[in-house]
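A.B. asks: To start, I am sharing the structure in question, which I have written as structure tokens.
The values are calculated or read from the model by the stated rules, or taken from the named source; none is laboratory data. All figures in this text were calculated on a predicted structure; none of them were measured in a lab. All Cβ positions, even for glycine, are placed from backbone atoms using ideal geometry, and neighbour counts span all protein chains on display. Keep in mind that these areas ignore ligands, DNA and RNA; they rest on the heavy atoms of the full protein, side chains included. Shrake-Rupley method; radii C 1.70, N 1.55, O 1.52, S 1.80 Å.
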Amino acid sequence: TEKYDAALEKSRDSFGARLNKLFANFRTVDEDFFDDLEETLIGADVGFETAVRITDELRDEVKLRNVHDSNAVARVIVQKLVDLYGESGKDEDNSLHFAEEGPTVFLFVGVNGAGKTTTIGKLANRLHKEGKSVLLAAADTFRAGAIQQLQVWGERDDVPVVAGPEGGDPAAVVYDAVVRAKKENTDVLIVDTAGRLQNKVNLMNELAKIKRVIQRELPDQPAEVLLVVDGTTGQNALSQAKEFNQTTEMTGLVLTKLDGSGKGGIVLAVRNELHVPVKLVGLGEGIDDLADFEPTKFVYGLFK
Ligand code: GDP
């Protein structure tokens, strides 16, 4: 929790500070104010559509309720963000899903450098500590060093890793891993994949093949297809997420590097433009720097 707060400090600095500055400077709630607000929200990476929508709704509300006082307007904005983020607005499920019986499979996707392997390492450690048996599959056979990196995490976490040769067929690795998970009755199999977004057709085919291989052995899996995005890349993270969503249907997002980010608004953007819940957040490079995403806490954190 402390880490969570510390990480949000930075988001707050930019997002909250920008809003605070906006309120400190305005005298009347006029069109200029709404223009500034819209710009501030866009700057904080809440996403263009969301920024426009919040501003429009606020404009209506200010008119309707005849609000003039800046504190009251600020409160309305925070409430709007809480509604957008929070469970109250949508019945969003931010928790990871597990199979009721037999192995659960989590498939991780995302571009190189987003933090997939690191997140898998942290998650495997957490699940292992909870007493679950975990198996990792090194199906990112494309990026040099990815297999070894996952193996290092496997050793750290004390969980086994199924791997093949670099440049090999990722689906073959996944097949071996699924068969082993079934045989050993592993609780959770976590699959790392390559993130070549430059070649969308290949990526799509590869992910589809991996899914087929999983489903042939375990018809109800993968329980989660988690897209990992680098939170520091702001709007770029959003467009990346959109592109990935076209290649494979995802069940959740992992937002990494929020510890170094002033872009807390991006969580809102992906949620509202992709309709995919954020399930985990990365708060650092360490083994314990992974947290569940708590929407309401997150938004209050931005304005605390
Ligand atoms: P992959 O290519 O998607 O597997 O990405 P990696 O897991 O190799 O991560 C890329 C870099 O980002 C590594 O240097 C990680 O240590 C770093 N990284 C991953 N997650 C986080 C995070 O939550 N916070 C910070 N500060 N760094 C992270």
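A.B. asks: For Ala172 and Arg212, calculate 0.36 nm times their separation in residues minus their Cα-Cα distance, and state this gained length in nm to one decimal.
C.D. replies: 13.3 nm
A.B. asks: Same structure, new question: Mind putting a number on the dipole of region 126-223 about its Cα centre? Charges go on the C-beta only, +1 for Lys and Arg and -1 for Asp and Glu, and I need it in Debye to the nearest 20.
C.D. replies: About 300 debye.
A.B. asks: Something else: Which pairs break 20 Å Cα to Cα here: Lys242/Lys279; Lys200/Lys257; Lys129/Lys183; Lys80/Lys242?
C.D. replies: As for pairs spanning more than 20 Å Cα to Cα, those are Lys200/Lys257; Lys129/Lys183; Lys80/Lys242.
A.B. asks: Non-local amide H neighbours of Ala139 (under 5 Å, H modeled in plane, Pro and chain starts lacking H): which ones?
C.D. replies: Here the answer is Asp192, since their amide H atoms fall under 5 Å of that of Ala139.
A.B. asks: Explain nothing, just compute: Karplus ³J(HN,Hα) = 6.51 cos²θ - 1.76 cosθ + 1.60, θ = phi - 60°, for every residue of region 234-246 in order, whole Hz, x for Gly and Pro.
C.D. replies: Values per residue, Gly and Pro as x: x, 4, 4, 4, 5, 5, 4, 4, 4, 5, 5, 4, 6 Hz.
A.B. asks: Kindly report the accessible area of region 102-165 per residue (heavy atoms of protein chains, probe 1.4 Å, no ligands, DNA or RNA), in Å².
C.D. replies: 35 Å²
A.B. asks: Please give the FRET efficiency for Asn66 paired with Lys242, using the beta carbon to beta carbon distance and R0 = 35 Å, rounded to the nearest 0.05.
C.D. replies: 0.35
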